[in-house]
Amino acid sequence: LAPWVPVVGLEIHAQISSNSKLFSGSQVQFAAPPNSLVSFFDASLPGTLPVLNRRCVEAAVMTGLALNCSINKKSLFDRKHYFYADLPAGYQITQQRVPIAVNGSLSYSLCIDNKMSQMVTKTVRIKQIQLEQDSGKSLHDDTRSQTLVDLNRAGVGLMEVVMEPDMCCGEEAAAAVRELQLILQTLGSSQAVMAEGQLRVDANVSVHHPGEPYGVRTEVKNINSIRFLAKAIDYEIQRQIEELENGGTILNETRAFDSKLGCTVPMRDKEGKQDYRFMPEPNLPPLILYDAKSLPANMNHQQVINIDWIHERLPDLPSVKRKKLVEQYGILPEHSFTLLNEDGLAEFFENVVKETQMKPKKVIGWILKDLLSYLKQHSLTVNESPVSSFLLADLLNLLEKKAISSTAAKQVLAELWKGEGKTPLEIVKEQKLELLQDQKELEQICQAVIDGHKNEVIMMVLG
Amino acid sequence: AALNGGLRSQVSAALKEGRVAPTELCQRCLALIKNTKFLNAYITVAEETALKQAEESEERYKRGQPLGILDGIPIAVKDNFNTAGIETTCASNMLKGYISPYNATVVQKLLDQGAVLLGKTNLDEFAMGSGSTDGVFGPVRNPWSYSKQYKEKSVPKSHSEDEESNWVVTGGSSGGSAAAVSSFTCFAALGSDTGGSTRNPAAHCGVVGLKPTYGLISRHGLIPLVNSMDVPGILTRSVDDAAVLLGSLAGHDPKDSTTIQDDFKPFELPNLTDVSKLSIGIPKEYHAPGLSGEILALWSKAADLFRNAGAKVVEVSLPHTPYSIVCYHVLCTAEVASNMARFDGLEYGHRSDMKDSTESMYAATRREGFNDVVRGRILSGNYFLLKQNYEKYFVKAQKVRRLIANDFVKVFRSGVDILLTPTTLSDAAPYTEFIQEDNRTRSAQDDILTQAANMAGLPAINVPAALSERGLPVGLQFIGRSFQEKQLLTVAKWFEKQVQFPVIQLEEVKRHDSDVFQHQKSASFS
C-alpha cells in the first residue's frame, strides 16, 4: 500500500494584549458583564470611524520580528463582508491585500519517540501576520428560539499568524503552537491562554501520495487546547486516509473537533462558499512604519513607529533563553525545554541556584523530578508552590553539606510540601534525620552493633 | 436688525451691541420655520433645546463674554449628521425615531461656539439623490417656487392650476438645508457633499454652497454615503459667511483618521480688487450635453467678467470628465453596499417583526427600512465587489478616478489658479417634471458637473449668479486647489460682489421681518 504524506498548516488567531481595542477606546477584559465594554464604534453606530490603536501595531511588529518576518513598511486595511449577529458592522476590518508582516519562520523542537533525550529541531514557515478585529460572541438559546449577542469581544485586536503546511502531524503542530505561545507570552504581545480564547487555532489538513499533488484539504476548528489540537489533527489525518483508501473523496469543508468523541464532524455550513467582497477600508489611510534610516527628522515621536527601536528592545526569546540556561548552568537542552515550558519554573530554578552551593547540574534534578512532579500531582502552578525557592535552596544546602542523606532530603521535602511553615532544619531536627558527622559516635554505634550481633560477626569473618 | 446681513460684519455686531438678542433671533427663526412649513425643509425642529441654547447665549452676551462670531447664531443641520438627543433619521424608515448618543464633531464644534441648533433638515434618503425628493418625509420645496420673481415669470397652464402643482425642486441631496438658508429660517446650514449634494441645491436655491477639500473637515458623526468622497458641506447666504463657518469647523480630528494633521488657521477674506494676477481656467468638457443655453451664456458672461477685469482666462481640458459618471457610479455603489451592511435591525434602528431566523429578520428589516434607491445601490455595489468582478469594475474605477484627479493636477500645475464651471445643467425643474425620470437617471444627469471635484477631493463652491428666464436661481461653480480654500473663497467673493444676486422676495419672510426689505438695497452681502 502506497504511503500517505499528511500535510498540516495552521491559522492561529492571537488576541493582542492591550488596554483597549484595535480601533476604539473601549476596554479589553475577559469575562466582563455582557455588553459592558462596547463603544459606539464597536456597536457600529452610524457615523463612527475606526482609529488605529498604536499598542496593537507595536504588538504585531514585535511578533513579526520575533518570528523572523519582514515587516511591511506600508500595509493596508480592508473590509471583509459577511452578515452575522456577532459582526455589527456587517464587515470585519482586516488586512487582506498587504498584511503587516510576511515571510518568517518559527523553530520548534520535538522529542523523538517520546524520549526527552532525543530532541530534533524543526522549522515551519510563517506566511504572514495580519491585524484584524475580533468578533463578538453569540449564544444560541434553542429552547427560547433566540440568539444572545455579547459585543464585549467585538473589535478586540487580533494577530492572525498563518503557518505554511510544513507540518506533518499533530505532534508537530502542537509543538509549533506551544513554541508560538511561549514567544507571545515572552513578548507580552498576547497572553495566549487558549482556555480564555486568547489563542485560537484552526488546522488545515490534507493527505497525498509522495510525488503527487496535494490532496483536498479540510479546515478543522473548535479546538480548545494544545492537547486537543494534536488529537484533532491526527484523527483527521486518519479519517482522510481511511476515506481515500475506501475509494471515497475528501470534501473541501470545515469540520469541528468534538473533544468528547475525539473526532471531527462536518460543521453546519453557515457560510458556504462565501464571497467576502473584499474592499479597501476607506477610513484608514495606509499604515506606514519607519526604521532608523527612513524616519523623517521632524516627525512627532508620538505619531510614528520605529521598527528598529522595537527590535532593539525585544526581550530574549525562548530559544535564546534556553541556550543561555544550557550554557550558563551546564544543564541538558531537554532540561531547558522543560524549564521554559512551565510558567515561572526557570526563574525558580535560577533562584535556587543563586542560594545554594549545590551545582546546577544537580539542582536541576530536584527541580524537574521532585518539585515538578509534586506540582503536577496537585495541579499547582510554580507560583502556587508551597515550597519557595528559598526553602528548597535551604534543603539542598543541607544535602550538599552532607548534613543529611538524599533519602532524608526527600523526606524533608515531603514534609515541606505540607506548607506548615517549618524550615528544613527544623524538620530535620524533628524527625532526627541528621547524618552523623561525629567519627567517634559513629564508631561507638558500629561497635555496639557488632557487639550485639556476635554470632553474625563470626559468620562474616569466617566467610 | 439684519436677518440677511453678514455674520461677521452685521449680525455678530448687532448681538454684541445688544441691538438684537439671541432669544429674539431664535424665536424669529422658529416662527418663520412654522410659517414656511409647506417647504418641508425641516424633519425635526428642536424648539425647546434651541431656545435654551439661545438663552444661554444671551447670558454670555450680557456678561460680555460671547464665545465667538457664531454665539447665538441659529443654524440648521442636515439630518444625516448625528445630534445627541435629537432624532437623526437620514430621511429613512431605517432610522426613524433613532436618537443618537453622540454629536458629530462638526455639530459639537458649532455648539461649543454657542451656535443655536434649530433642527434637522430634510434630504434624499441616506443622501442618495439630486432632488431631495426621495426621503420618507416627502420632498422639499424650493422656496423660490413661492417667490415674487418666479411667480411673475410663470404662466399658468390652466385656470385650475395653482402654486401647488407648479413648485420646483430644491435639488439635492441637501435640499432641506439649502431651502432653510434660502428662506431665511437660519443663518447657515450644514449639508453634505459626495457628488455635488451641497453645491447642486445651493445653485437651485440661490445660496452659497461650499464643498471643502477632503480631509479638511471631520466626517466623524456624518453618516457616510461614500467614505472616500463625503465631506460636510456649508450653506450660507454669502461667501463671507461661508468663510466664518469654515473657520469654525476645519481642522484635524483624532476621531477621523482621514483628516489632515496640519494646523488650520481660520481666515478673514480680503476684499480683492485686483484680479490681474489671477488665471481662470474654463474646462471645455464642462460644456456638457444637456447644458441649457441660458447657463452656457451665463458661464460665458462670467468668463468675460474676469477677462475684462484683467484676469487671464484660458480654456483648459479635463479629458477624463466624460468617464466620471460611470466611475462614480461603481465606486459609490460599492461603498454604499458596504456602509449599509450595518443596518440589520440588531443594535439600533428599525427591526422587523419577522422572527423565523436571523437571516430572515435581516432581510425583512432591510427591505422594510430602505427605499428602492438605497436597495438598488446596495445590489449594484455588491455586484461590483464580487470576486469575479472586482478587478473589472472596482479596481478599474479606482484607476479611472486617479486619471480624473490627475487631470486637475495637470491643469493647476500649468498655472491655472481657479476653474470656473456651471454648477447645474439648468435651473430647478418643477417637481412633476423631475419625478418623470428615476433617481438613478436624475443623479447621473445632475452630478456631471459636480462629482469630479469629489473624485479628486478638491474644494469647490457654488456662487449664485443670476436669475433664469423663469425667475429661478442659477449658480456658477469655482473649483480650487487642494487646501487652498482661502484663494478659492477670495475669488468667489469677488465674483459675488460683481453679480449682485437679488434677494428672494418671499411673502412669508416679508410678513415676518419687515427689516429684511428695509435693508434690501444694502444687501451687497458684506
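Say R0 is 41 Å: what FRET efficiency, to the nearest 0.05, do B:Val409 and B:Ile435 get from their beta-carbon distance?
Numbers: r = 39 Å, r/R0 = 0.95.
My answer for the efficiency is 0.60.
Show me the three semi-axes of the equivalent ellipsoid for the protein assembly as shown, from the C-alpha gyration tensor (sqrt of 5 times each eigenvalue), largest first, rounded to whole Å. Each step should come with its number before you reach the end.
Details: eigenvalues 1107, 188, 133 Å².
For the protein assembly as shown, the ellipsoid semi-axes come out as 74, 31, 26 Å.
Hey, fewest Cβ within 10 Å first, where do B:Thr365, B:Thr105 land in order?
B:Thr365, B:Thr105
Once you mark the trypsin sites (Lys or Arg not before Pro) that are in a DSSP loop and have at most 13 other Cβ atoms within 10 Å, what is the longest gap between them in chain B?
B:356-520
For chain A, report the convex hull volume of the alpha-carbon atoms normalised per residue, in Å³, without decimals.
On the way: hull volume 119.0 nm³, N = 463.
Cα convex hull per residue, to the nearest whole number: 257 Å³.
With the contact rule set at Cα under 8 Å and sequence spacing of 6 or more, what percent relative contact order holds for segment A:1-130?
18 percent
So what's the net charge close to A:Tyr290: Lys and Arg +1, Asp and Glu -1, counting the other residues with Cβ under 10 Å from its Cβ?
On the way: positive: A:Lys73, A:Lys293; negative: A:Asp291, A:Asp308.
Spelling it out: positives minus negatives among the neighbours equals 0.
As a test, work out the antiparallel percent of DSSP beta bridges whose residues both lie in chain B, rounded to the nearest 5.
70 percent
Where in chain A lies the longest segment free of GluC sites (Glu not before Pro) that are both loop residues by DSSP (not H, G, I, E, B) and have at most 14 other Cβ atoms within 10 Å? If you can, show how the numbers build up before the last one.
On the way: sites that count: A:Glu253, A:Glu271, A:Glu420, A:Glu434.
Value returned for the longest uninterrupted segment is A:1-252.
Using amide H atoms built in the peptide plane, which far-off residues or other-chain residues are under 5 Å from B:Val168 H to H?
Hits under the 5 Å cutoff: B:Asn142, B:Ser145, B:Tyr431.
With a length cut of 20 Å (Cα positions projected on each helix's long axis) and a Kyte-Doolittle mean of at least -0.5, go through chain A and give me the DSSP H helices that pass. Don't skip to the answer; put the middle values down first.
On the way: long enough: A:170-187 (25 Å, 0.44); A:226-245 (29 Å, -0.33).
Helix filter hits for chain A: A:170-187, A:226-245.
Mind scanning A:Lys80/B:Lys486; A:Lys74/B:Lys392; B:Lys96/B:Lys396; A:Lys21/A:Lys324; B:Lys153/B:Lys312 and naming the pairs with a C-alpha gap bigger than 28 Å?
Pairs exceeding 28 Å: A:Lys80/B:Lys486; B:Lys96/B:Lys396; A:Lys21/A:Lys324; B:Lys153/B:Lys312.
Note the full-extension length gain between A:Glu355 and A:Ser259 as 0.36 nm times their separation in residues minus their Cα-Cα distance, in nm to one decimal.
Numbers: separation 96, 0.36 × 96 = 34.56 nm, distance 4.47 nm.
Taking 0.36 nm per residue and subtracting the Cα distance, the gain is 30.1 nm.
So, R0 is 41 Å and r is the distance between the beta-carbons of B:Glu268 and B:Leu386; what FRET efficiency does that work out to, to 0.05?
Values: r = 51 Å, r/R0 = 1.25.
Here the calculated transfer efficiency is 0.20.
What list do you get for B:Ile282, A:Ile445 if you sort them by fewest beta carbons within 10 Å? Before the final figure, lay out each step's value.
Values: B:Ile282 20, A:Ile445 12.
Exposure proxy ranking, most exposed first: A:Ile445, B:Ile282.
Specify whether the C-alpha gyration tensor of chain B places it in the rounded, prolate or oblate class, a ≥ b ≥ c being the square roots of the eigenvalues: rounded for a/c under 1.5, otherwise prolate if a/b is larger than b/c and oblate if not.
Because its axes are fairly even, with a/c under 1.5, chain B counts as rounded.
Can you give me the P(r) profile for segment A:318-431? Cα pairs, bins 5 angstrom wide beginning at 0, each as a whole percent.
Over segment A:318-431, the share of Cα pairs per 5 Å bin runs 2, 12, 24, 24, 20, 11, 5, 2, 0 percent.
Please give every one of the lysines within straight-line cross-link reach of A:Lys73, meaning a C-alpha to C-alpha distance under 21 Å, and leave out same-chain neighbours fewer than 8 residues apart.
Partners found: A:Lys127, A:Lys293.
Counting other Cβ atoms within 10 Å of each Cβ, which chymotrypsin sites (Phe, Trp or Tyr not before Pro) in segment B:237-302 have at most 15 and sit in a DSSP loop?
Listed in order of number, the matching sites are B:Phe267.
Note down the nm distance, to one decimal, between modelled labels 7 Å out along Cα→Cβ at A:Ala32 and at A:Gln377.
Placing both labels 7 Å beyond Cα along the Cβ direction yields 4.3 nm.
In sequence order, what are the phi-derived ³J(HN,Hα) couplings for segment A:204-213 according to the Karplus relation 6.51 cos²θ - 1.76 cosθ + 1.60 with θ = phi - 60°, rounded to whole Hz, with x for glycine and proline?
Karplus values, whole Hz, x for Gly and Pro: 9, 10, 8, 9, 7, 7, x, x, 9, x.
For segment B:445-457, just list the computed ³J(HN,Hα) in residue order, Karplus coefficients 6.51, -1.76 and 1.60, θ = phi - 60°, integers in Hz, with x standing in for Gly and Pro.
5, 6, 7, 4, 8, 10, 6, 4, 5, 6, 4, 8, x
Among the listed pairs A:Lys376/A:Lys410; B:Lys62/B:Lys510; B:Lys120/B:Lys211; B:Lys211/B:Lys493, which are separated by more than 25 Å between their Cα atoms? Could the numbers behind the result be given before it?
Values: A:Lys376/A:Lys410 17 Å; B:Lys62/B:Lys510 30 Å; B:Lys120/B:Lys211 19 Å; B:Lys211/B:Lys493 15 Å.
Pairs exceeding 25 Å: B:Lys62/B:Lys510.
Assuming 0.36 nm per residue, please report the length gained on full extension of the stretch A:Ile241 to A:Gln328 beyond their Cα-Cα distance. Mind dumping the intermediate values first?
Numbers: separation 87, 0.36 × 87 = 31.32 nm, distance 4.69 nm.
Roughly 26.6 nm would be gained on extension.
Give the longest segment of chain B that steers clear of GluC sites (Glu not before Pro) in DSSP loops with at most 12 neighbouring Cβ atoms within 10 Å, not counting the sites themselves.
B:269-468
Compute the distance from the alpha-carbon center of segment B:39-94 to that of segment A:184-224, in whole Å.
Segment B:39-94 and segment A:184-224 have Cα centres spaced 55 Å from each other.
Per DSSP helix of 4 or more residues, -39500 (n - 2.57); summed, then divided by the residues of chain B. What does that give at 222 nm, rounded to the nearest 500?
Mean residue ellipticity, 222 nm, calculated: -11000 deg cm²/dmol.
Given 0.36 nm per residue, what is the gain on full extension from A:Asp316 to A:Glu196 after removing their alpha carbon distance, in nm? Walk me through the numbers on the way to the answer.
Values: separation 120, 0.36 × 120 = 43.20 nm, distance 2.55 nm.
Separation in residues times 0.36 nm, less the Cα-Cα distance, equals 40.6 nm.
So what's the gap between the Cα centers of segment B:474-497 and segment A:411-463, to the nearest angstrom?
Computed from Cα coordinates, the inter-centre distance equals 105 Å.
Pop a pseudo-label 7 angstrom from the Cα along the beta-carbon direction at both B:Glu48 and B:Asp112 and give the gap in nm to one decimal.
Simple spin-label model gives 2.7 nm for this pair.
Give me the one-decimal nm value for the distance between modelled label points at A:Gln437 and A:Gln274, 7 Å along each residue's Cα-to-Cβ direction.
7.2 nm
What net charge is computed for the residues neighbouring A:Ala2, neighbours being all others with C-beta under 11 Å from the C-beta of A:Ala2, Lys and Arg scored +1, Asp and Glu -1?
-2
Report the Cα centroid-to-centroid distance between segment B:278-342 and segment A:39-65 in angstrom, as an integer.
39 Å
Which trypsin sites (Lys or Arg not before Pro) from segment A:263-367 combine a DSSP loop assignment with at most 14 other Cβ atoms within 10 Å?
Within segment A:263-367, the qualifying trypsin sites (Lys or Arg not before Pro) (loop, at most 14 other Cβ atoms within 10 Å) are A:Arg268, A:Lys270, A:Lys273, A:Lys293, A:Arg313.
Taking the number of other C-beta atoms within 10 Å as the exposure measure, put B:Asp304, B:Asp230 in order starting with the fewest.
B:Asp304, B:Asp230
When a/c reaches 1.5 or more, the comparison of a/b and b/c decides; with that in mind, is segment A:189-335 rounded, prolate or oblate per its Cα gyration tensor?
On the way: a/c = 2.45, a/b = 1.44, b/c = 1.70.
Judged from the Cα gyration tensor, segment A:189-335 comes out oblate (a/c at least 1.5, b/c at or above a/b).
Aspartates and glutamates within cross-link reach of A:Lys429: Cα-Cα under 13 Å, excluding same-chain residues under 8 positions apart?
A:Glu415
Once amide H atoms are placed 1.01 Å from N in the peptide plane, what residues at a sequence separation of 5 or more from B:Gly131, or on another chain, have their amide H within under 5 Å of its amide H?
B:Gly172
A:Lys137 to B:Lys396: FRET efficiency via 1/(1 + (r/R0)^6), r the Cβ-Cβ distance, R0 41 Å, to the nearest 0.05?
Computed FRET efficiency for A:Lys137 and B:Lys396 comes out at 0.55.
Read-outs throughout are calculated quantities, based only on the coordinates presented, and are distinct from any laboratory measurement. Since the structure is predicted, the reported quantities are computational estimates derived from the model, not experimental observations. Note that each Cβ is placed from the backbone with ideal geometry, even for glycine, and that neighbours are counted across all protein chains shown.
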